[in-house]
């Protein structure tokens, strides 16, 4: 039963991701991107990663897709010029993809795939005492994996500061008088009109 | 082969994102979206192996990838906005000012 | 996995209901349209320009900062659930994380990214 759900949602993911890259209208692209993320959230539910599924819905659909939509609306691009050079680059990309996929199929020998005996955090063992995926992540993320946690904190700091430095314009557009600057005016700077 | 279905799915998704970078030379926003698709395929790989091996580490790394994707989207779109303000276009071909 | 069956049923019903309301009104509703009724009308004038006008970069900054703090909240959830079992180290780890993000918050406050003058 689960495997049919997997096939169905995989099909939806692939087809909507193809629509993302081939759509002429950027707004439609963003909407298909949202659909892709939503379906992959359902896929994560099928793979027993409940917290990640909810996180994907909140972060990707709720924040990143909205940010993309903001930028698409903000830039206001005309649609006609977008698909130039499609035929020029498409065959080359297809060749590279063929190489990539054939490499993957050569590397992954599916028949005798090495499955390691001892894993780092055994979910099946831990699930005997805990019942919630969120709590299980919490038990290990802040102690065993705290370096990843702190690095992600610094990455978020970097993104915040970088975005402010890039996107904020210092120039003031409104014409206004500043009372502090008025007080600072010295006598020799004043032009006297007779 | 059945437990490795997610590998095929994620490699296909990665290829679609890869192709999206190639065919959208005039539209930087779609290129950023293709990068998001590629990061999503990496996420699917991590979660699939986490499910297959019964190991929680994959989910924690996947959370880390989520953070990286959010930071990448924020900074990339900020650069895109600045670039559009300067040159009034979002085509890849017009980004040649770094040549000096 | 079985506990998600109600959500699936809910999704199916929501899908059917919204699509039903949408398409039912298209096919069943009575339509009498003519050129004047379909034309754009904006306070008696023809619209001056495209409705997809540009808007300010400030909104975009707020959206970015929303993403950052959204992820911060995401990291707070498992911490809150597992708080009683991760001990002092987990507590200090989260406090350092919050401290790093507070530096960014103070920076953006000082830069005036949150001002709407």
Q: For the stretch A:1-74, build the convex hull from the C-alpha positions and give me its volume per residue in Å³.
A: 60
Q: Compute the distance in nm between two label points, each set 7 Å from the Cα along the Cα-to-Cβ direction, one at residue A:148 and one at residue A:66.
A: 2.7
Q: Taking only Cα atoms and a 10 Å spring cutoff, compute GNM fluctuations for chain A and point out the largest among A:167, A:126, A:26.
A: A:167
Q. Which semi-axes, in whole Å and largest first, does the equivalent ellipsoid of the protein assembly as shown have when worked out from the alpha carbon gyration tensor as the square roots of 5 times its eigenvalues?
A. 41, 32, 24
Q | Per-residue mean of C-beta atoms belonging to partner chains within 10 Å, peptide B:76-88 | A | 5
Q | Protection-proxy order for peptides B:84-91, B:57-64, each taking the mean of Cβ atoms within 10 Å per residue, highest first | A | B:57-64, B:84-91
Q: Please report the Cα spread of chain A along all three principal axes, rounded to whole Å, starting with the longest.
A: 97, 52, 29
Q. Rounded to the nearest 0.05, what FRET efficiency is calculated for residue B:88 and residue C:66 with R0 set to 22 Å and r the Cβ-Cβ distance?
A. 0.20
Q. Helix-derived [θ] at 222 nm for chain B: sum -39500 (n - 2.57) over DSSP H runs of at least 4, divide by residue count, nearest 500?
A. -27000 deg cm²/dmol
Q) Which FRET efficiency value, to the nearest 0.05, do you get for residue A:188 and residue C:106 by plugging their Cβ-Cβ distance into 1/(1 + (r/R0)^6) with R0 = 60 Å? A) 0.90
Q. Can you give the Rg to Rh ratio of the stretch C:58-110, both from alpha-carbon atoms, with Rh computed by the Kirkwood formula?
A. 1.08
Q: Quickly work out the residue A:25-to-residue C:15 label distance, labels modelled 7 Å from Cα along the C-beta direction, and quote it in nm with one decimal.
A: 2.3
(Q) Relative contact order of chain B, please, whole-number percent, based on alpha carbon pairs below 8 angstrom and at least 6 residues apart. (A) 30
Q | Mean residue ellipticity (222 nm) of chain A, computed from DSSP H runs ≥ 4 via -39,500 (n - 2.57), nearest 500 | A | -21000 deg cm²/dmol
**Q.** Percent RCO, i.e. relative contact order, over the stretch A:1-74, from Cα pairs under 8 Å lying at least 6 residues apart
**A.** 29
Q. For chain A, what relative contact order do you get, as a whole percent, if you take Cα pairs closer than 8 Å and at least 6 residues apart?
A. 14
Q.
Inside 10 Å of the C-beta atoms of C:86-94, what's the mean count of C-beta atoms belonging to other chains?
A. 4
Q: Using a 10 Å cut-off on Cβ to Cβ distances, tally the other chain neighbours for every residue of A:38-51 and report the average as a whole number.
A: 5
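Coordinate-derived values only; no laboratory data. The shown structure was predicted, so the numbers you read here are calculated from the model rather than taken from an experiment. Cβ: placed from backbone, ideal geometry, glycine included. Neighbour counts: every protein chain shown.
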